[in-house]
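Novice: My structure is below; once you've seen it, I'll send some questions.
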Amino acid sequence: MLEQYKELRIRAGYVIRPAAVLAPMAGVTDTVFRRLIRGFGGCGLLMTEFTSADGLAKASHRTRRYLHFQPDERPIAAQLFGANPDTLAQAAALCEELGFDQVDLNLGCPAKKVVKCGGSGLLRDLPQLEKILRRLRAAVKIPLTLKFRSGWDDNSIVVRELGRLAEDCGVEAIALHPRTRMQGYSGQADWRLIAELKQTVGIPVIGNGDVNSPEDAERMFAETGCDAVMIGRAAASNPWIFRQLADYFATGAYTQPSEEDRHQLIRNFCRRLAASDDPEALGKMKQFASRFTHTVRGGAQLRKAIYQSRRPEEVLEQVEAFFAGEAHADSVRSGTDQQPAAVAH
Ligand SMILES: Cc1cc2nc3c(=O)[nH]c(=O)nc-3n(C[C@H](O)[C@H](O)[C@H](O)COP(=O)(O)O)c2cc1C
């Protein structure tokens, strides 16, 4: 097995196995989704959606929800964003109290609303970032990590500077999504910057960006020398990806989920959301359906039915009807929307 993949050693007594991390994704990586991922196996570390430190300071009930997790999610990191050292320090202390294993600072979010109060905005203000990191470091005993984009734009890449600063302030691992703030999600992640960061710092480096398959993960490890890979969007549409990585690194091959696996997944996900008290459950089901059903035979029909549903229970009924029903059988017979059932690589 590839040595790098086996484990991510953040500090003595805190080792992530395997070295594969679920990227934080607002609106996606809630407790229900994270537990699905953990259930499939192969994901060493889960992370919460980013959570506003200012929101927590206002004791916002809604913000606090983002920090809800179950014991079987551990090891889990709480991700925070903000620009105020005091509220960030308070928020980090709260995360420690709630039992998180790690606290992570977001320096990547490109959204305008977030940039004004942290996120990738801090990439342009390293002196303020230093104040924040020192306060955060003093506020918690659990590992402190950071996730960042490579810079504000192509003319202000801060990978080396920021890496050195973070290490100097006691940050214990650092994840890089090597696109700039201005780039958004366009173009390709520049993995050479991950290699550059790895050469600059002594702390573990987690590579992120455009890992869509086990082969991509293998290539990222090889090309950058990173200590772990972090996967975001690919996991949102293929929650089996971490399992596939584990199989691939153990045996050199992996399979694609069967139609029945997909049925079980969407049913499980919708059931768990329906049973949760998440006020956004219906919206999340619709989002998940749109990401996930592209790989389901006849998925367009299912998407339409889900979009028209008005209650979470109705979504569940539509899912069951679809998989049991004529529509599915018809599309299987006619071979539309076909996906290979199992592919070995
Ligand atoms: C819907 C969505 C929400 C995201 N939310 C967050 C977030 O809350 N915190 C964060 O650090 N990055 C966030 N990201 C960025 C991802 O964590 C990741 O860095 C990015 O998607 C690149 O990795 P990928 O190519 O594997 O998707 C988000 C990305 C997406 C697509």
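The values are calculated or read from the model by the stated rules, or taken from the named source; none is laboratory data. Every value quoted in this text rests on a predicted model; they were computed, and no experiment measured them. Methodologically, a virtual Cβ is constructed for each residue, glycine included, from the backbone with ideal geometry; neighbour enumeration extends over all protein chains shown.
Novice: Which residues, counting only those in the range 17-30, are surrounded by fewer than 21 Cβ atoms within 10 Å (Cβ to Cβ) and more than 10 Å from the ligand (Cβ to nearest atom)?
Specialist: Matches in the range 17-30: 17 only.
Novice: With the condition kept exactly as written, say whether any residue in the range 204-218 is hydroxyl-bearing (Ser, Thr, Tyr) and part of a helix (DSSP H, G or I).
Specialist: no
Novice: Sticking with this structure for a sec: Residues of the range 186-227 being on the phi < 0 side of the Ramachandran plot, small (Gly, Ala, Ser) and within 13 Å of the ligand (Cβ to nearest atom), which ones?
Specialist: Matches in the range 186-227: 186, 189, 207, 213, 217.
Novice: State which residue is nearest to residue 223 (Cα to Cα) when the search covers only the range 156-185 and only residues that are more than 16 Å from the ligand (Cβ to nearest atom) and of a type in the set (Gly, Ala, Ser).
Specialist: So the residue we want is 163.
Novice: Condition (residue is more than 16 Å from the ligand (Cβ to nearest atom) and crowded, with 21+ Cβ neighbours inside 10 Å) applied to the range 97-120: is it met by at least one residue?
Specialist: Scanning the range 97-120, I find no residue that is more than 16 Å from the ligand (Cβ to nearest atom) and crowded, with 21+ Cβ neighbours inside 10 Å, so the answer is no.
Novice: Cβ-Cβ distance below 6 Å, separation of 6 or more or different chains: which pairs start in the range 20-36 with a residue that is in the same structural domain as residue 104 (by TED's automatic domain parsing) and end on one that is of a type in the set (Lys, Arg)?
Specialist: Hits for this filter: 32/272.
Novice: Among the residues of the range 83-96, which ones are within 16 Å of the ligand (Cβ to nearest atom) and either at pLDDT 95 or above or closer than 24 Å to residue 281 by Cβ (or both)?
Specialist: Within the range 83-96, 88, 91, 92, 95 meet the criteria.
Novice: Also, I was wondering about something else. Are any of the residues in the range 253-266 in contact with a Pro (Cβ under 8 Å, 6 or more places away or on another chain) and not in a helix (DSSP H, G or I)?
Specialist: yes
Novice: I would also like to ask the following. Given (1) surrounded by fewer than 16 Cβ atoms within 10 Å (Cβ to Cβ); (2) farther than 23 Å from residue 1 by Cα; (3) under 21 Å from the mean Cα position of the chain (by Cα), where does residue 260 come up short, assuming only one miss?
Specialist: (3)
Novice: Take residue 223 and tell me if it is of a type in the set (D, E, K, R) and out of contact with any helix residue (DSSP H, G or I) (no Cβ under 7 Å at 6 or more places or on another chain).
Specialist: So residue 223 does not fit the description; no.
Novice: Quick check on my filter: what residues within the range 224-240 are touching a residue at least 40 places away in the same chain (Cβ under 8 Å) and in a helix (DSSP H, G or I)?
Specialist: Passing the criteria: 233, 235, 236, 237.
Novice: OK, next. Based on what the data block shows, is residue 46 within 16 Å of the ligand (Cβ to nearest atom), part of a strand (DSSP E or B) and of a type in the set (A, V, I, L, M)?
Specialist: It is true that residue 46 is within 16 Å of the ligand (Cβ to nearest atom), part of a strand (DSSP E or B) and of a type in the set (A, V, I, L, M).
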